[in-house]
Amino acid sequence: MCGQLFRIRFRRNSQPDRRVHLYGAAVLIALLFGFSPSHGRRTGATDRGDAALQGWRWDVAPRPFLTIGDTGDLNEEFFLVRAILLMPDGRIVVGNGGTRELRFFDSEGRFLSSSGREGGGPGEFKSFWWMGRYRGDSIGVWDPRMPRISVFDSQGRYARGFRLDPLPGFLPKLIGSFDDGSLVATRGPNVDAMYASQTGLFTDSVTYLHFDAKGVLIDTLGPFAGAERFVLKNRSGGFSTAELFFGRELRAAVSRKVLYLGNTDAYNIQGLELGSRATASLTLAHDYIPVTDDDVRALRERDLASFDTEEQRRRRRQLLDRLPHRETMPAFAALVVDTLGNVWVEAARRPGHDDPSWTVFSPSGTVIATVATPVGLAIMQITDDAIWGIWRDEFDVEHVRAHRLIK
């Protein structure tokens with residue numbers, strides 16, 4: 001892998017601009033397979049000025065056709081939902097991380113049963129951070145505190161569990177599983193490297209590990225430049241850290257046999273198809289959005305609001321007062337792969353601007369649509385004709401919602 005030195009300009013709150021050199025890795029990985037065109041209404045360039053964006057516009061119905069969580073039933077009270085899965089027979093599986101449960105509902109949203117609970121035994125979880133389809137209709141759940149994958153059959157019966165070995169690091173993250181049952185994961189933040197660093201900017205390094213269906217390591221990808229952080233060392237030798245406001249980071253998403261990777265520094269998303277050397281990439285002409293003082297202030301207030309006590313907020317302010325920020329927004333915000341294998345890329349937007357918009361690429365990298373999704377819906381599953389996600393009400397209570405996708 002060839003290294004690449006690149007220069008990025010940062011501005012720190014209430015202080016003069018400064019230039020910082022960061023090191024990154026240039027990566028060429030990709031995918032190549034075909035797609036079936038969808039029907040819709042033809043549109044011209046978007047208001048972002050992307051003259052090359054000449055795909056179809058898909059619409060999303062503003063009202064959900066299904067909501068779970070409005071009846072007052074305790075089985076519909078959700079907290080920290082990690083995933084929503086749709087089974088071939090129409091049933092809906094919700095991974096409720098707060099109670100460490102898989103909750104099964106029929107196609108009308110009526111509760112059927114649940115599996116899993118808090119604990120360390122078979123079919124139990126100390127943490128519940130990922131849920132996804134595993135080898136056909138089975139369901140896998142990732143517990144990073146064990147760390148262990150638990151496999152359930154389509155009816156929610158516990159089948160087996162296994163570890164990913166070796167998988168070092170603090171709270172390692174599972175990215176997803178492929179059709180053949182193999183999995184991709186990465187360690188969590190590199191705490192040891194941050195501890196050894198000095199006060200200043202720190203770019204984490206991310207290596208992806210490919211495990212077979214039994215949890216045995218078979219390949220590694222990387223390292224890649226990861227999240228940009230600011231590390232503040234204290235007198236006792238410890239440190240505090242925060243991600244840069246509008247800092248760049250590595251996004252990843254898994255399709256049936258493709259791993260998509262893209263650093264938000266550029267609108268260039270690469271993919272790797274298992275067992276193939278064919279290359280392609282998902283790119284789009286992009287104008288970076290300048291960051292304003294109001295944008296920084298909004299993120300700062302949001303950050304401080306996440307702490308419970310005034311003492312915690314006071315210590316956090318000491319870090320935020322020295323925290324640099326980027327002068328432009330990231331090139332994009334998020335990646336989601338739908339059940340057809342299309343890649344949805346969310347546009348970056350200013351804090352408080354609740355107008356999420358997406359560009360949809362075919363697996364071969366062709367722009368096929370633009371989509372505006374409902375305000376406040378955190379998308380977790382996209383099928384051929386619907387978008388599923390979590391919506392929070394005015395009391396911050398989570399609800400499962402599904403909206404029709406109109407092509």
Taking segment 295-320 and keeping residues touching a residue at least 12 places away in the same chain (Cβ under 8 Å), within 19 Å of Pro351 (Cβ to Cβ) and open to solvent by 70 Å² or more (accessible area, probe 1.4 Å) leaves Arg302, Arg317
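Test of understanding: among Asn268, Asn263, which residue is under 22 Å from the mean Cα position of the chain (by Cα) and surrounded by fewer than 18 Cβ atoms within 10 Å (Cβ to Cβ)?
Details: Asn263 fails: surrounded by fewer than 18 Cβ atoms within 10 Å (Cβ to Cβ).
When all the criteria are applied, what remains is Asn268.
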Given (1) open to solvent by 60 Å² or more (accessible area, probe 1.4 Å); (2) part of a loop (DSSP other than H, G, I, E, B), number of the condition Gly365 does not satisfy:
(1)
Of all residues in segment 389-407, which are open to solvent by 20 Å² or more (accessible area, probe 1.4 Å) and in a strand (DSSP E or B)?
Trp391, Arg392, Arg401, Arg404, Ile406
Just name the residue that is surrounded by the most Cβ atoms within 10 Å (Cβ to Cβ) out of those in segment 368-388 that are over 18 Å from the mean Cα position of the chain (by Cα) and over 30 Å from Arg326 (Cα atoms).
Ile368
Among the numbered criteria (1) open to solvent by less than 10 Å² (accessible area, probe 1.4 Å); (2) within 30 Å of Gly90 (Cα to Cα); (3) touching a strand residue (DSSP E or B) at 6+ places or on another chain (Cβ under 6 Å); (4) among the small types (Gly, Ala, Ser), which one does Gly226 miss?
(2)
Somewhere in segment 323-330, is a residue free of Cβ contacts under 8 Å to residues at least 12 places away in the same chain and not in a helix (DSSP H, G or I)?
no
So is Arg235 over 21 Å from Val206 (Cα atoms) and open to solvent by 50 Å² or more (accessible area, probe 1.4 Å) or not?
yes
Which one of the conditions (1) open to solvent by less than 50 Å² (accessible area, probe 1.4 Å); (2) farther than 30 Å from Arg235 by Cβ; (3) out of contact with any Ser or Thr (no Cβ under 9 Å at 6 or more places or on another chain) does Ser357 fail to meet, given that it meets all the rest?
(3)
Residue under question is Gly200, and the condition is that it be open to solvent by less than 60 Å² (accessible area, probe 1.4 Å), farther than 29 Å from Val258 by Cα, modelled with pLDDT under 95 and not hydrophobic (A, V, I, L, M, F, W, C); does it hold?
yes
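Pick out the one residue from Leu85, Leu102 that is in a strand (DSSP E or B), farther than 18 Å from Arg401 by Cβ and under 25 Å from the mean Cα position of the chain (by Cα).
Of Leu85, Leu102, the one residue that is in a strand (DSSP E or B), farther than 18 Å from Arg401 by Cβ and under 25 Å from the mean Cα position of the chain (by Cα) is Leu102.
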Could you give me the residue pairs with C-beta distances under 9 Å whose first residue belongs to segment 57-82 and is more than 25 Å from Phe104 (Cβ to Cβ), whose second residue is modelled with pLDDT under 95 and polar (S, T, N, Q) wherever it lies, and which are 6+ apart or on separate chains?
Arg57/Thr43; Trp58/Ser38
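Name every residue in segment 136-153 that is open to solvent by 20 Å² or more (accessible area, probe 1.4 Å) and touching a Phe, Trp or Tyr at 6+ places or on another chain (Cβ under 9 Å), in order of residue number.
Within segment 136-153, Ser138, Arg145, Met146, Arg148 qualify.
Taking only segment 180-197 into account, find how many residues are farther than 29 Å from Phe230 by Cα and open to solvent by 50 Å² or more (accessible area, probe 1.4 Å).
Keep residues of segment 180-197 that are farther than 29 Å from Phe230 by Cα, which gives 180-183.
Still in the list and also open to solvent by 50 Å² or more (accessible area, probe 1.4 Å): 180.
Total satisfying the criteria: 1.
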Those residues of segment 154-179 which are open to solvent by less than 70 Å² (accessible area, probe 1.4 Å) and of a type in the set (Phe, Trp, Tyr), in sequence order
Phe162, Phe178
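Going by the conditions given, is Gly121 crowded, with 18+ Cβ neighbours inside 10 Å and at pLDDT 95 or above? Steps first, answer last, please.
Values: crowded, with 18+ Cβ neighbours inside 10 Å: no; at pLDDT 95 or above: yes.
No: the conditions fail for Gly121.
Does Glu273 satisfy being charged (D, E, K, R), over 27 Å from Val231 (Cα atoms), open to solvent by 10 Å² or more (accessible area, probe 1.4 Å) and within 18 Å of the chain's Cα centre (by Cα)? Quick ask: steps written out before the conclusion?
Values: charged (D, E, K, R): yes; over 27 Å from Val231 (Cα atoms): yes; open to solvent by 10 Å² or more (accessible area, probe 1.4 Å): yes; within 18 Å of the chain's Cα centre (by Cα): no.
Taking the combined requirement at face value, the residue does not satisfy it.
The values are calculated or read from the model by the stated rules, or taken from the named source; none is laboratory data. What you see is a predicted model, and the numbers here were worked out from it, not measured in a lab. Note that we place each Cβ from the backbone using ideal geometry, even for glycine, and neighbour counts take in every protein chain shown. Areas reflect the complete protein model, heavy atoms only, side chains present, ligands, DNA and RNA absent. Shrake-Rupley method; radii C 1.70, N 1.55, O 1.52, S 1.80 Å.
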